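Everything below concerns the one structure shown next.
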Amino acid sequence: RVARYERLGTHEVLLALDEEIVGGFEDLVLGPLVEYDSRHGSQLVATLREFLDRNGAYQASAEALGIHVNTLRYRLVTIEQVTGRDLRRMADKVDFYLALRSRRSPEDPAA
């Protein structure tokens, strides 16, 4: 593949790797949440996406999701329990961010 100069300094280069590698990473990181959402009718993946898109701002994330901030906190704890990851750790946040930004199609539940 050819990478354009302006993309070399971003995470998008990582996401342009082999689809099998990126898909495997996404499944590893988000798979437990997708499965949990499917079994429980919850919205943990959407909650995680909103929380990260709003730079971890609790009130703004809760408002965007149309939920109380305590409900958001409960969902975030559930995300940590289901995945075994810690949203206070930058490495875990980066993994979640990259997995959410992978190039799966919009109709994919993890997208």
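The values are calculated or read from the model by the stated rules, or taken from the named source; none is laboratory data. Computed from a prediction, not measured in an experiment: that's the story for all the values here. Neighbour counts run over all protein chains shown; Cβ positions are idealised from the backbone, glycine included. Just so you know, the surface numbers come from the protein's heavy atoms only, side chains and all, with ligands and any DNA or RNA stripped out. Shrake-Rupley method; radii C 1.70, N 1.55, O 1.52, S 1.80 Å.
Among the residues of the range 36-48, the ones that are under 20 Å from Phe25 (Cα atoms) and either open to solvent by 40 Å² or more (accessible area, probe 1.4 Å) or touching a Cys at 6+ places or on another chain (Cβ under 6 Å) (or both) come to 3 in all. Kindly check whether there is at least one residue in the range 63-74 that is within 12 Å of the chain's Cα centre (by Cα) and at pLDDT 90 or above. Checking the range 63-74: not a single residue is within 12 Å of the chain's Cα centre (by Cα) and at pLDDT 90 or above. Would it be correct to say that Arg103 is modelled with pLDDT under 95 and surrounded by 12 or more Cβ atoms within 10 Å (Cβ to Cβ)? Judged against the criteria, Arg103 is a match.
Residue count for the range 49-74, restricted to those that are open to solvent by less than 50 Å² (accessible area, probe 1.4 Å) and under 17 Å from Leu30 (Cβ atoms): 3. The residue pairs whose first member lies in the range 29-43 and is under 23 Å from Ala91 (Cα atoms), whose second member is modelled with pLDDT under 95 and not in a loop (DSSP other than H, G, I, E, B), and whose beta carbons are closer than 8 Å, counting only pairs six or more residues apart or on different chains, are Val29/Asp95; Val29/Phe96; Val29/Leu98; Val29/Ala99; Leu30/Phe96; Leu30/Ala99; Leu30/Leu100. For the range 65-96, a tally of residues being within 14 Å of Leu44 (Cα to Cα) and in a helix (DSSP H, G or I) returns 15.
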